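One structure is given here, and the rest of the page talks about it.
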Amino acid sequence: MQRDITTLKEHTFDLLVIGGGIYGACVAWDAALRGLSVALVDKGDFGGETSANSLKIIHGGLRYIQDANPWLVTLMSQERSTWLKIAPHLVHPLPCVLPTDQSLSRNRFTMATALSVNDFLSMNRNAELDEHRQLPRGRILSREECLSRIPALAHVPMTGAILWRDAQMVNSERLLLSFVLGANERGAVLANYVAITRLLTEGNRVIGAAARDLLTGETFPITARLVINCTGVWTDELLATLPHIQPHPRFHRSVACNLVTRQLWDDVAAGVPGHFAGTDTEGYPLKRGRTLFITPWQRCSIIGTFHAHFAGPPENYRPEPELIQSWLDEINHAIPTAHLTLADVYHIQRGYLPAAPQEGRADTVQLVRESQLHDHAQEEGLAGLLTIVGVKYTTARYTAEKAVDLAYQKLNYPFVAGRTSHNPLWGGDMESFARFMIETVADRPARLRREQMIHLVHSYGTTYKTILAYLDEEPRWQQPVTVRSDVMAAEIIHAVRCEMAQTLLDVLLRRTELGVAGLPDEAALWRCAHLMAGELGWDDQQCQEEVVAAYLYYCHLNPLLDPTALPEPPIDKVNHEIYA
Ligand SMILES: Cc1cc2nc3c(=O)[nH]c(=O)nc-3n(C[C@H](O)[C@H](O)[C@H](O)COP(=O)(O)OP(=O)(O)OC[C@H]3O[C@@H](n4cnc5c(N)ncnc54)[C@H](O)[C@@H]3O)c2cc1C
């Protein structure tokens, strides 16, 4: 997959997709799979903004039972099954528990009823899943059963818990990239680091967009019969470049954060009541606030989600240490055995979500519940433009399918049905993930450790052999880039040559898992930079700049890191050779 600026400039596309978050990536894949000519650009790297932040949960519908919205419950359940099916190497079933108590909304009877309704509405959930990935019915656990699974909940006031299965993305960045790689294989023309500066119009029709290549500074137009705006919380900024559209906000911007911490427990996610407002005489919370979700992932825990209103420029938000400490206090109060301190915080995820206008208490954020698809021809009389406002990673594939269905109408082309609900994603074409893993690990080349092979299958699925092929060119690329990870040097080379990685952060955060759970060690930073330098022709100065930029990125998100303690460059030539 290569940046193709020349074709972007010269071709008129059926669709120009602006924004390569999960919604834009899904639109590009869906449209390319149906045979449309597609261009996709992002002002940063694919998946570098909100889509990079999540609890990694593909939600079934249980949480929407309380909204009394059976359609949404069914949709979420269908999508959970779809993700498990199309990306079996990257999405796996995840057991989840939620304590029951004596309140009206969370007592055992209410929760048992909710589980039954959820099971009924998701009765087809296993229809196309292989035998190892079936999602059993939800069930009620006694307090003892719950504690035998998660002893750390011992001090949480509860009468028992419910247990159900959602799904977890082991690597949401590679999942997003799989859509992009698949779209590119089907002919989509793509470029990261291309910003759209304004939409271009002819009369009452959008005919494309003015673009700037942020790597070279070149500006050029991209023309298309239809533009789909998938710019997430930048939607209003892009629409404001059109004189035809009244500048009114389509949603309010809120910020959402998760903490990535020392692992509290493994294997099962749990929701516990946060926001303590005291307890009654029997120890049950007096007032229910948000539910904190603790998700085991990558030998860490992801804990969240903490929401706030934030109208400023997205890049400016930074939680101060006092705020992080208050989140830790809330977690430690909810789970007294956690004993989390600032030193246990490895990383802070920060992303932006559409919210309803702020009313009442400033600390209450009402998120937009369902994704929106705007047809500007209908809403404002401006043809050639659709806008998606996405609210969940889970629903991105579905919303994209609806958008491309509508695109066919707008383009006046004979309709072709979407195939993304059953076509395997890049690397996902396997009958049974469990069998594929066992057989691949058993047949691995003698030089590869078992853990390395498991890592490759999880990251690349059926395409893992493309990584192994690099070892014929340079056997040393089999070495992990750091002792703390199974990521091999060959993966860095592949990211640059075939996955459009341009910066060190692209590799650390979105092509490999080296930096997804926090700042990688210095060896990983320098070794990756030197491997990339060999491919991209960076000199020592550029290498150093990349390492410093990566380090400062982590410092910006995590105020607990010291921005003056920059990583030291390797001291001598011998080291330099080792790193490369
Ligand atoms: C902390 C947190 C936890 C979450 N947890 C979950 C979860 O567990 N499960 C779940 O289903 N969902 C979760 N979500 C929600 C989910 O992450 C988002 O709904 C989803 O990622 C939004 O995707 P998007 O493509 O709309 O936006 P984005 O990922 O922000 O993509 C928009 C893209 O547009 C690009 N762009 C903007 N302007 C321009 C321009 N002018 N030119 C070119 N490109 C442009 C941006 O660079 C960006 O890459 C969570 C969100 C957060 C913040």
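The values are calculated or read from the model by the stated rules, or taken from the named source; none is laboratory data. Only a predicted model underlies this, so the values are computations on that prediction, with no experimental measurement involved. Neighbour counts run over all protein chains shown; Cβ positions are idealised from the backbone, glycine included. Ligands, DNA and RNA are stripped out before the accessible areas are found, and what is left, the full protein with its side chains, is counted by its heavy atoms. Shrake-Rupley method; radii C 1.70, N 1.55, O 1.52, S 1.80 Å.
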In the range 343-354, how many are open to solvent by 60 Å² or more (accessible area, probe 1.4 Å) and more than 16 Å from the ligand (Cβ to nearest atom)?
1
I need a count of the residues in the range 14-29 that are within 6 Å of the ligand (Cβ to nearest atom) and in a strand (DSSP E or B).
1
If you check every pair at least six apart or on different chains, which have Cβ atoms under 6 Å apart with a residue in the range 516-542 that is within 17 Å of ILE493 (Cα to Cα) and of a type outside the set (S, T, N, Q) first and a residue that is modelled with pLDDT under 90 and part of a helix (DSSP H, G or I) second?
TRP526/TYR579; ARG527/TYR579; HIS530/TYR579
If you check every pair at least six apart or on different chains, which have Cβ atoms under 6 Å apart with a residue in the range 226-241 that is open to solvent by 40 Å² or more (accessible area, probe 1.4 Å) first and a residue that is of a type in the set (A, V, I, L, M) second?
THR241/LEU199
Exactly one condition in (1) under 29 Å from GLN168 (Cα atoms); (2) of a type outside the set (D, E, K, R); (3) part of a helix (DSSP H, G or I) is false for HIS339; which is it?
(3)
Any hit, the range 432-439, residues being surrounded by fewer than 22 Cβ atoms within 10 Å (Cβ to Cβ) and not in a helix (DSSP H, G or I)
yes
Out of all the residues in the range 390-411, is one or more modelled with pLDDT of 95 or more and in a strand (DSSP E or B)?
no
Residues to consider are THR197, THR223; find the one that is away from the ligand (no atom under 15 Å from the Cβ), in a strand (DSSP E or B) and among the hydroxyl-bearing types (Ser, Thr, Tyr).
THR223
Looking only at the range 60-93, count every residue that is acidic (Asp, Glu), within 14 Å of the ligand (Cβ to nearest atom) and at pLDDT below 95 and tell me the total.
0
Suppose we filter ASP506, ASP472 for residues that are in the same structural domain as GLY534 (by TED's automatic domain parsing) and either touching an Asp or Glu at 6+ places or on another chain (Cβ under 9 Å) or at pLDDT 95 or above (or both); which single one remains?
ASP506
Test: residue in the range 497-510 that is open to solvent by 20 Å² or more (accessible area, probe 1.4 Å), part of a helix (DSSP H, G or I) and without any contact (Cβ under 8 Å) to a residue 12 or more places away in the chain:
no
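This table checks each residue for (1) closer than 30 Å to ARG299 by Cα; (2) of a type outside the set (A, V, I, L, M, F, W, C).
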position	(1), (2)
ALA28	no, no
SER37	no, yes
ASN53	yes, yes
LYS56	yes, yes
LEU72	no, no
SER77	yes, yes
TRP83	yes, no
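Per-residue answers, yes or no, for (1) at pLDDT below 90; (2) within 22 Å of THR50 (Cβ to Cβ); (3) open to solvent by less than 50 Å² (accessible area, probe 1.4 Å); (4) touching a Leu at 6+ places or on another chain (Cβ under 8 Å):
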| site | (1), (2), (3), (4) |
| --- | --- |
| LYS287 | yes, no, no, no |
| SER301 | no, yes, yes, yes |
| ALA308 | yes, yes, yes, no |
| ARG318 | yes, yes, no, yes |
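Residues checked against (1) open to solvent by less than 30 Å² (accessible area, probe 1.4 Å); (2) outside any helix (DSSP H, G or I); (3) within 11 Å of the ligand (Cβ to nearest atom); (4) touching a residue at least 12 places away in the same chain (Cβ under 8 Å):
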site	(1), (2), (3), (4)
SER178	yes, no, no, yes
ASN184	no, no, no, yes
ALA211	yes, yes, yes, yes
THR261	yes, yes, no, yes
ASP267	no, yes, no, yes
Using the structure shown, decide if LEU292 is without any contact (Cβ under 8 Å) to a residue 12 or more places away in the chain and not in a loop (DSSP other than H, G, I, E, B).
no
Give the residue, chosen from ASP572, ASP562, that is at pLDDT below 90, of a type in the set (Asp, Glu) and under 28 Å from VAL345 (Cα atoms).
ASP562
Pull up the range 304-342, narrow it to residues that are within 12 Å of the ligand (Cβ to nearest atom) and among the small types (Gly, Ala, Ser), then point me to the one that is nearest to LEU98 (Cα to Cα).
GLY304
Take the range 226-259 and flag every residue that is within 14 Å of the ligand (Cβ to nearest atom) and part of a loop (DSSP other than H, G, I, E, B).
CYS230, THR231, ALA240, THR241, LEU242, ARG250, PHE251
Residue check for ARG447: of a type in the set (Lys, Arg) and under 26 Å from PRO93 (Cα atoms)
no
For ASN423, indicate whether it is more than 16 Å from the ligand (Cβ to nearest atom) and open to solvent by 40 Å² or more (accessible area, probe 1.4 Å).
no
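Matching residues to (1) open to solvent by less than 30 Å² (accessible area, probe 1.4 Å); (2) assigned by TED's automatic domain parsing to the domain that holds VAL516:
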| position | (1), (2) |
| --- | --- |
| HIS376 | yes, no |
| GLU379 | no, no |
| VAL389 | yes, no |
| ALA396 | yes, no |
| VAL404 | yes, no |
| ALA407 | yes, no |
| VAL416 | no, no |
| LEU456 | yes, yes |
| TYR460 | yes, yes |
Single condition GLY384 does not satisfy, out of (1) on the phi < 0 side of the Ramachandran plot; (2) more than 10 Å from the ligand (Cβ to nearest atom)
(1)
Counting only residues that are over 18 Å from GLY534 (Cα atoms) and not in a helix (DSSP H, G or I), how many does the range 459-481 have?
1
Close pairs (8 angstrom Cβ cut-off, 6 or more residues apart or separate chains): assigned by TED's automatic domain parsing to the domain that holds ALA501 and away from the ligand (no atom under 14 Å from the Cβ) in the range 30-59, of a type outside the set (Phe, Trp, Tyr) and at pLDDT 95 or above anywhere:
none
Anything in the range 189-200 that is open to solvent by 50 Å² or more (accessible area, probe 1.4 Å) and among the polar types (S, T, N, Q)? List them, or say none.
THR197
